[in-house]
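The values are calculated or read from the model by the stated rules, or taken from the named source; none is laboratory data. Computed from a predicted structure; not experimentally measured. A quick note on method: Cβ atoms are made from the backbone with ideal geometry, for glycine too, and the neighbour counts reach across all protein chains shown. Quick note on the areas: whole protein, heavy atoms, side chains included, nothing else; ligands and nucleic acids left out. Shrake-Rupley method; radii C 1.70, N 1.55, O 1.52, S 1.80 Å.
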Amino acid sequence: MTTSPQATSPRANAASAPPHLAVVLFSLAMGGFAIGTTEFASMSLLPFFAADLKVDEPTAGHAISAYALGVVLGAPLIAVLGARFARRTQLLALMAVFAIGNALTALAPGFGWMIAARFLSGLPHGAYFGIAALVAASLVPQHRRSQVIGQVMLGLTSATIIGVPLANLIGQAVGWRASFGLVSVLALLTVLLCALFAPRDQAGRSDPLRELGALRSGRVWITLAIGAIGFGGMFAVYTYLATTLIEVTRVSPAVIPFFLAVFGVGATLGNLFVPRFADRALMPTAGVILLFAAVALLLFPLAAGNPWLLAADVLAIGASVSLGAILQTRLMDVAGDAQALAAALNHSAFNTANALGPFLGGIAIREGLGWTSTGPVGAALALLGFLIWIVAWRDASTAQLDIASASERASLKNAPAKPAPPLAPDDRSRSDAVGDPVA
């Protein structure tokens, strides 16, 4: 999507922006809060809906994968097909579909119906975040765009601290269906807030073919691969964390929300501080985060027996979520004009990891390797993501050298001709001798 002329002009922004920018950002962030709650709470509720629907927990993990698959397919598809629709219209439609999907999840009579409902719930996920970021950025001058986009994303990180533990408590007290019902109510609240406060805009002017142009870039695909593989390690552990706490750490189910909140604190702190380093060295920071995640995941089996050590390790694993913001910046650098599709594809990669991690972790558990085997599985995924990062980092370094060389050649070509150096005394005498007929 391209921003409208009103969106790119600070003076026009001042005239057309709603009087209460904070209310608009809060409305957009509410959608992120609902999405983050359902995405992560479904993992913590896995033991409860598995028992109710009479499937084993590795099989119940397929519901997590179904949601992730919906995000992976829906994000780019909706970003392209919705390029010609008004952003406000898209926000309302996406959150309405999201509310319906979570309501159907709460009412699912069997596991097959739940798989279908989770897939439907995932379809609007990535597209909503991409469009919400563009709407927020269109309301302020260019130098404040990153700030307001970060405020919208606070809805997602705050969900891991407040929404997920709350949904888990409700799931334990009332039933897991009530938790998904809560998410549906939050989505409907977002529809209401966006209808009241989201700015009215004209139909989009972007060309779907221009958005698809991002798919021709190898650098886009390499960046997406880092997220799709490297993020999988975090999801491998988080999906089965509640069961690990019960079966290995031997804590009461009532303590599970505390550990979920600890993960959320780690994710929030990571998103607050790590991007500061990324602003100075984007790709090196991404590599460090992948190695950091691999170490934290390797320590997971060793820490699982002690609640306090496990809390520290879960905090560290949560901090690795900051990789998402770094990769989003990298995609913006390499996607060219297809910024809307790039924003959506980042969430596709994130949820590819959300499908891959639980799937591989479930295989390890089913093979009898134990609940803590998700840690080594996750570490292997983080290290594989690091190997892909090496390819991307070398490519980025080569590109920078090419740009520097091109700039140097251009400066030499455009530089004024330098005067010839003065002749040495012997050369001057020879020159005079050649030019003097008498000599």
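Once you list every other residue whose beta carbon is under 11 Å from the beta carbon of residue 282, what net charge do they have if Lys and Arg are +1 and Asp and Glu are -1? Net of charged neighbours comes to 0. When every alpha-carbon pair in region 285-345 is counted, what percent end up more than 19 Å apart? Value for region 285-345 (Cα pairs over 19 Å): 46 percent. Residues 389, 221, ordered by accessible area of protein heavy atoms at a 1.4 angstrom probe radius and largest first, appear as 221, 389.
Expressed in whole Å with the largest first, what are the equivalent ellipsoid semi-axes of region 34-102 derived from the C-alpha gyration tensor as the square root of 5 times each eigenvalue? Those come to 29, 13, 8 Å.
What figure, in Å² to the nearest 10, do you get for the accessible area of residue 285 with a 1.4 Å probe and non-protein molecules left out? For residue 285, solvent-accessible area is about 20 Å². Taken per residue, the accessible surface of region 305-385 reaches 34 Å², heavy atoms only and a 1.4 Å probe.
Shown are 220, 174, 255, whose ranking by accessible area with a 1.4 Å probe and every protein chain present, most to least, is 174, 255, 220. Across region 186-326, the convex hull enclosing all Cα atoms gives 168 Å³ per residue.
At full extension, residue 212 and residue 200 could sit 1.7 nm farther apart than now, given 0.36 nm per residue minus the alpha carbon distance. Each residue of region 44-152 gets 108 Å³ once the volume of the Cα convex hull is shared out per residue. Ligands, DNA and RNA excluded, the heavy atoms of residue 367 present near 130 Å² of accessible surface to a 1.4 Å solvent probe.
Ranking 308, 324, 392 by Cα position along the charge dipole of region 285-395, where only Lys, Arg, Asp and Glu carry charges on their C-beta atoms, puts 308 farthest toward the positive end. Here's the picture: charge each Lys and Arg Cβ at +1 and each Asp and Glu Cβ at -1 in region 150-301, and of 197, 161, 260 the one pushed furthest to the positive end of that dipole is 197.
Can you give the local net charge around residue 43? Use residues other than it whose beta-carbon is closer than 13 angstrom to its beta-carbon, Lys and Arg +1, Asp and Glu -1. Taking every Cβ under 13 Å from that of residue 43, the sum is -1. The residues of region 96-187 expose on average 37 square angstrom of accessible surface per residue, using a 1.4 Å probe on protein heavy atoms.
Of the peptides 194-200, 107-113, the order by per-residue mean of other Cβ atoms within 10 Å, starting with the highest, comes out as 194-200, 107-113. Share of carbon and sulfur in the accessible area of region 52-190 stands at 74%, probe radius 1.4 Å.
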